[in-house]
Amino acid sequence: MVERMQIPTGLIDALCGRRCAFAMYRLPGEKPVFCMAADGRTESSPRGESGFVISTFEGESRFIPGEADYPVDAARFEQLPPATPSTPPMTRDEYAGLFRRFKAPLLGNPPLLSKLVLARTADIAVPDLSPAEAFRKACDLFDNTLTALFHTPQQGTWLFSTPELLLEGTGQCWHTMALAGTRLISESAWDDKNIREQRIVADFIRDTVGRHADTLVEEPTDNLQTGAIEHLCTRFHFNMEPRHLTALLQELPPTPAVCGYPPIAARSFLHTSPDIRRSCYAGYFGPMSPHRSSLYVALRGMRLYPGVCRLYAGGGIMPDSEEENEWRETEQKMQAMRRVIDACHP
């Protein structure tokens, strides 16, 4: 169970509707942390201070400086108009049409792409969900994830509980992971489709990190479990001068795990033939300081609107992918946030 936080639930819920920015997060095995500048501002990038970075899938970044404890009175920040989803959630028929469109460039001779990630949304009506309580329940449910609730006036309010590490390190010691392949927890061997998907991600991360690292050590691929599902996971450890961090973050995300392969061609396809407006979903976030960075891929999450939670999930489409299996995979991934919502309304 996560420690009962000193931050009042009512205050955090009130801040989610104000013209200010904050982040509340819990790293695996650590205590929850609250991050907010005294004036509620964000910056475009860190300026040597500690704080919390949010980078969208489209590459728009905001940094929340951790300059002060939570404010005494949320009312000193301007009230925002109630936000509503700008588009309806994706239907099953719409998913089927997009699946065919996404699979077409994988089947050419030669194929234009080896993999594409198709994302979708689903809405759940929740009239009185407390964002702060949802964060607390997510921490209770998922102990090996970075769980974060954050809000900015530009991006709205989001809750994630993600297992996928993008980049973490202190000084010259860093590590990352390739996480791909998804199934319900099983004792059976992984199928060829998931193994090939994992290999694409691992090869990309090895090559990209290798251009900046002095040394690189790769662990054997293993299973990583979160909730009722598991993934193939390959961990990498490397030495890198901290001055290379900015350049690596320009090349690493979005990885083929959330975009496709080859990355540039996959990003171009998603730009011209989008599935959804991903925004914070499949971007990255996490605490950064001059001494330590812990950045995770923004998965297993939802955007919180008044009365509605919009859930996000995606899956890697390969040449031999089957539509129904991929749809079920997104359903499995959305179960994480559904469990959080259910825990808030037992």
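The values are calculated or read from the model by the stated rules, or taken from the named source; none is laboratory data. Computed from a predicted structure; not experimentally measured. Reconstructed Cβ throughout: ideal geometry from the backbone, glycine too, with neighbour counts over all protein chains shown.
Odds and ends about this structure:
- With respect to the conditions (1) free of Cβ contacts under 8 Å to residues at least 40 places away in the same chain; (2) within 19 Å of THR162 (Cα to Cα); (3) in contact with an Asp or Glu (Cβ under 8 Å, 6 or more places away or on another chain), GLU30 falls short on a single one, namely (3).
- Among residues of the stretch 79-132, those that are under 21 Å from the mean Cα position of the chain (by Cα) and of a type in the set (Lys, Arg), counted: 2
- Within the stretch 39-62, the set of residues being closer than 21 Å to GLU78 by Cβ, assigned to a strand (DSSP E or B), in contact (Cβ under 8 Å) with a residue 24 or more places away in the chain and not β-branched (Val, Ile, Thr) comprises just one member, ARG62.
- For the criterion of being out of contact with any Pro (no Cβ under 9 Å at 6 or more places or on another chain) and either in a loop (DSSP other than H, G, I, E, B) or farther than 25 Å from ILE317 by Cα (or both), ASP140 passes.
- Hey, VAL217 assigned to a strand (DSSP E or B) and either out of contact with any helix residue (DSSP H, G or I) (no Cβ under 6 Å at 6 or more places or on another chain) or of a type in the set (A, V, I, L, M, F, W, C) (or both) or not: yes
- Members of the stretch 284-294 that are surrounded by fewer than 24 Cβ atoms within 10 Å (Cβ to Cβ) and either within 13 Å of PRO254 (Cβ to Cβ) or among the aliphatic types (A, V, I, L, M) (or both): MET288
- Residue ID - surrounded by the most Cβ atoms within 10 Å (Cβ to Cβ), chosen from residues in the stretch 246-267 that are hydrophobic (A, V, I, L, M, F, W, C) and over 19 Å from the mean Cα position of the chain (by Cα): ALA265
- When the test is whether a residue is buried (at least 19 other Cβ atoms within 10 Å of the Cβ), in contact with a helix residue (DSSP H, G or I) (Cβ under 8 Å, 6 or more places away or on another chain) and part of a loop (DSSP other than H, G, I, E, B), LEU118 does not pass it.
- Residue among PHE204, PHE135, PHE150 that is modelled with pLDDT of 95 or more, over 30 Å from GLU251 (Cα atoms) and aromatic (Phe, Trp, Tyr): PHE135
- Residue match in the stretch 72-86 (condition: under 25 Å from ALA138 (Cβ atoms), charged (D, E, K, R) and assigned to a helix (DSSP H, G or I)): no
- Residues located in the stretch 154-171, provided they are among the polar types (S, T, N, Q) and either closer than 20 Å to GLY314 by Cβ or at pLDDT 95 or above (or both): GLN155, THR157, SER161, THR162
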